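This report refers to the structure that appears directly beneath it.
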Amino acid sequence: MKTLITTILIGLFSIVNAQSISEIKSSSSKIEGRMSNSFYKHDISQFKKIRSVLKLDVFEYFDLKSQYDTELKVKVFKGTDDYKQKYATLEDKKKELTTSTYYLDFEPAYYERNNLIKYNLTLKTFTVTNEIYLDDEYKTTGYLQFDNIAIKHPMGVSVKKKNTSSGGVDFVEQSISFKIEDEALALKIEEIRSNLKLLFVFKFKEASPYQGKDFFGRLQTKYAFTTTVSKVIVYNSNTNEIYHTFE
């Protein structure tokens, strides 16, 4: 009897604490971005702001690079009270950023949603794709990448990467798979594939440096925004019905 009551209470607790898509979004900060062909592109303004906060880069955040454009000017300014005050402000902003929850609302490319997404009976998975330029790839195992946002995927979600080329441009095709054991649920998802979205809910950790290349092929230090993922939600963008949550 005690076991039965405990089970019922746990079930009720889960129902009460289950959040809807609108509740998750209203209690989190949105990553601004969009699909460009098969590439997810992070809004450049938000990207620069997040990068400068995670790096504690006073010059980028406060738009001071043109004013302090030599190593000597930078060195002298770093010794001033003004710099120290701005740095302290940025430390507070980094603490706020890394303790806040963000969401990235990923919608596969139009053609893929309407033609290519199908249930794999053998693997019991659906697969969607997102591409990144080869020179921008963060080569660390266990992460999938949306532009410069690197998300460590939870159990039940996996990624396979394949280098490819088109029109002289080298890029990485990321096949992002998520497992659905229940075939009845899988059929439901397959039937609404044109409205399929994945909601990634996470917190930022740090700006992790890695070697990439610029537009001209020159080596440069780039930064991946590594994250701690909270959940990945498979849902219907038309009705906001949640089909599965990976945590």
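Every number in this text was worked out from the coordinates using simple rules, so none of it is lab data. Quantities reported herein were computed from a predicted structural model and do not represent experimental measurements.
As a test of the formula, what do you get for the chain when each DSSP H run with n ≥ 4 contributes -39,500 (n - 2.57) and the sum is divided by the residue count, at 222 nm and rounded to the nearest 500 deg cm²/dmol? Show your work: numbers first, answer last.
Values: 7 runs with 73 residues, N = 247.
Calculated mean residue ellipticity at 222 nm is -9000 deg cm²/dmol.
How high is the relative contact order of the chain? Use alpha-carbon pairs under 8 Å, at least six apart in sequence, and give a whole percent. Don't skip to the answer; put the middle values down first.
On the way: 406 pairs, mean separation 47.6, N = 247.
Contact order relative to length: 19 percent.
Please list, in order along region 120-137, the HN-Hα scalar couplings obtained from phi with the Karplus expression 6.51 cos²θ - 1.76 cosθ + 1.60 (θ = phi - 60°), rounded to whole Hz, x for Gly and Pro.
Computed from phi, the couplings for region 120-137 are 8, 5, 6, 8, 6, 9, 10, 10, 10, 10, 9, 10, 9, 5, 4, 6, 9, 5 Hz.
Check every DSSP H run in the chain and write down those whose alpha carbon atoms cover 20 angstrom or more along the long axis and whose mean Kyte-Doolittle hydropathy is -0.5 or greater.
Working: long enough: 2-17 (22 Å, 1.61); 81-99 (27 Å, -1.88).
Result, helices passing both filters: 2-17.
Name the residues whose placed amide hydrogens come within less than 5 Å of the amide hydrogen of TYR40, ignoring near sequence neighbours (fewer than 5 apart) on the same chain.
Residues meeting the amide H criterion: GLU131, ASP147.
At q = 0.14, 0.16, 0.22 Å⁻¹, what is the log10 ratio I(q)/I(0) for region 163-227, with the Debye formula run over Cα points and no solvent?
-0.77, -0.89, -1.05
Ratio of alpha-carbon Rg to the 2.2 N^0.38 Å globular estimate for the chain, to two decimals, please.
Working: Rg = 21.3 Å, N = 247, 2.2 N^0.38 = 17.9 Å.
Dividing the Cα radius of gyration by 2.2 N^0.38 Å gives 1.19.
Using Cα centres only, tell me the gap between region 200-247 and region 84-148 in whole Å.
With region 200-247 and region 84-148 each reduced to a Cα centre, they are spaced 2 Å.
For the chain, with a Gaussian network of springs between Cα atoms less than 10 Å apart, report the residue from THR122, THR221, THR98 with the top mean-square fluctuation.
So, out of THR122, THR221, THR98, the one fluctuating most is THR122.
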